[in-house]
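Novice: The following block contains the structure, expressed as structure tokens.
The values are calculated or read from the model by the stated rules, or taken from the named source; none is laboratory data. Since this is a predicted model, take the numbers as computed values, not measurements. All Cβ positions, even for glycine, are placed from backbone atoms using ideal geometry, and neighbour counts span all protein chains on display. Surface accessibility is based on the protein's heavy atoms, side chains included, excluding ligands, DNA and RNA. Shrake-Rupley method; radii C 1.70, N 1.55, O 1.52, S 1.80 Å.
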Amino acid sequence: MLQAGWLRGYAALALLLVAQVVAAFEPITVGLAIGAASAITGYLTYDDIYCRFAECCREERPLNASALKLDLEKKLFGQHLATEVILKALTGFRNNKNPKKPLTLSLHGWAGTGKNFVSQIVAENLHPKGLKSNFVHLFVSTLHFPHKQKIKLYQGQLQKWIRGNVSACANSVFIFDEMDKLHPGIIDAIKPFLDYYEQVDGVSYRKAIFIFLSNAGGDLITKTALDFWRAGRKREDIQLKDLEPVLSVGVFNNKHSGLWHSGLIDKNLIDYFIPFLPLEYRHVKMCVRAEMRARGSAVDEDIVSSVADEMTFFPKDEKIYSDKGCKTVQSRLDFH
């Protein structure tokens with residue numbers, strides 16, 4: 001008995017090593033190796049082994065809400081609304097076994113407030129490889145859709161890309177950066193995919209996630225934050241209801257937004273408009289400390305203050321908010 005058990009273990013280990021090598025070439029060979037191992041051990045399956053060496057789309061993979069919450073709280077500064085809404089939206093969506101439509105989030109605020117950072121955190125919590133995952137797709141307006149005269153071509157390409165990737169992985173994530181620079185009309189090509197359809201041409205998009213990032217609406221968000229500050233109220237008192245209605249209308253009517261007069265807004269297909277508040281001096285210092293820790297350096301408060309003091313702030317009289325958020329913290333820290 002001991003010898004038989006030892007042989008099964010040895011065979012399994014050997015075939016695991018073989019599978020690891022051939023996984024880099026093609027899955028059929030891996031399947032044959034795993035099939036042989038399964039016959040010997042009675043435990044191994046194709047998915048169990050192949051997915052250890054190649055990225056697999058696991059629809060049943062649960063979202064670790066606690067890990068997401070911790071990431072947002074530790075890495076995102078000054079954004080209580082974004083932290084709260086994103087956590088609730090993703091947790092609720094992923095816990096729903098039968099969502100009626102894809103989750104669609106639109107993130108708004110000035111540069112450097114954390115929109116791209118949040119999309120990275122979300123991607124990492126949904127797929128282990130994050131932005132490098134085969135199931136996370138990033139579109140940058142100025143890179144992927146630069147020419148106004150090619151809108152029809154872009155619309156067709158975008159539909160094909162999304163259809164193909166959702167067919168391969170129902171849990172695909174699509175991130176659209178620089179929505180404020182996207183030519184109006186392009187994004188409406190994906191309207192059918194975001195609607196309440198069970199299937200579109202035989203493909204269900206209900207488990208996919210779409211995230212839009214935009215500077216549009218930054219002025220409206222800043223005005224609200226400034227009004228609260230001047231009234232002596234805490235920024236943490238700002239609620240989603242104070243911003244979301246005016247934000248959706250403002251973006252819809254903004255000719256410099258990719259969502260200008262978009263059917264996505266008109267048909268209420270965007271689930272949440274998430275405001276990113278302008279960052280104060282104390283938040284910039286938090287960003288500097290976080291960057292120093294990420295570099296493996298000890299936190300030097302003199303350097304933290306020095307970097308923060310180099311930033312410029314607005315409005316002209318009060319100088320409350322960093323005009324670049326934390327966007328230039330990394331480059332400025334290089335000089336210290």
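Novice: Applying the Karplus parametrisation 6.51 cos²θ - 1.76 cosθ + 1.60 with θ = phi - 60° to the phi angles of the range 290-301, what ³J(HN,Hα) value in whole Hz is obtained for each residue in order, glycine and proline being reported as x?
Specialist: Once θ is set to phi - 60°, the couplings for the range 290-301 become 4, 5, 5, 5, 4, 8, x, 9, 6, 6, 10, 5 Hz.
Novice: So how do 81-94, 295-308, 193-206 stack up, highest first, on mean other-Cβ count within 10 Å?
Specialist: Per-residue mean Cβ counts within 10 Å order the peptides as 81-94, 193-206, 295-308.
Novice: Now, a different point. Tally up the carbon and sulfur contribution to the accessible surface of the range 65-276 as a whole percent, 1.4 Å probe, everything protein left in place.
Specialist: So the carbon and sulfur contribution to the accessible surface is 52 percent.
Novice: Given a 1.4 Å probe, how much area per residue of the chain is accessible, in Å²?
Specialist: Averaged over the residues of the chain, the accessible area is 52 Å².
Novice: In terms of modelled amide H atoms, which long-range or inter-chain residues lie less than 5 Å from the amide H of residue 107?
Specialist: Distant-sequence amide H within range of residue 107: 212, 213, 214, 274.
Novice: So, one more: Angle check, please: helix 115-126 long axis (alpha carbons) against the longest principal axis of the chain (alpha carbons), in degrees 0 to 90, nearest 10.
Specialist: Approximately 20 degrees, to the nearest ten.
Novice: Hey, can you grab everything whose amide H is under 5 Å from the amide H of residue 139? Only 5+ residues off in sequence or another chain; H modelled, so Pro and N-termini drop out.
Specialist: The answer is 175, 176, 177.
Novice: Figure the gain on full extension for residue 59 and residue 253 (residue separation times 0.36 nm, minus the Cα-Cα span) and round it to one decimal in nm.
Specialist: Fully extending the segment from residue 59 to residue 253 adds 66.1 nm.
Novice: What relative contact order, as a whole-number percentage, does the range 281-334 give when Cα pairs under 8 Å and 6 or more residues apart are counted?
Specialist: Relative contact order here is 40 percent.
Novice: Mind ordering 160-170, 107-117 by average Cβ neighbours within 10 Å, highest first? Mind dumping the intermediate values first?
Specialist: Details: 160-170: 16.1, 107-117: 24.1.
Descending mean neighbour count gives 107-117, 160-170.
Novice: What is the gain in length, in nm to one decimal, between residue 69 and residue 331 on full extension, counting 0.36 nm per residue of separation less the C-alpha to C-alpha distance?
Specialist: Here the segment from residue 69 to residue 331 would lengthen by 91.5 nm.
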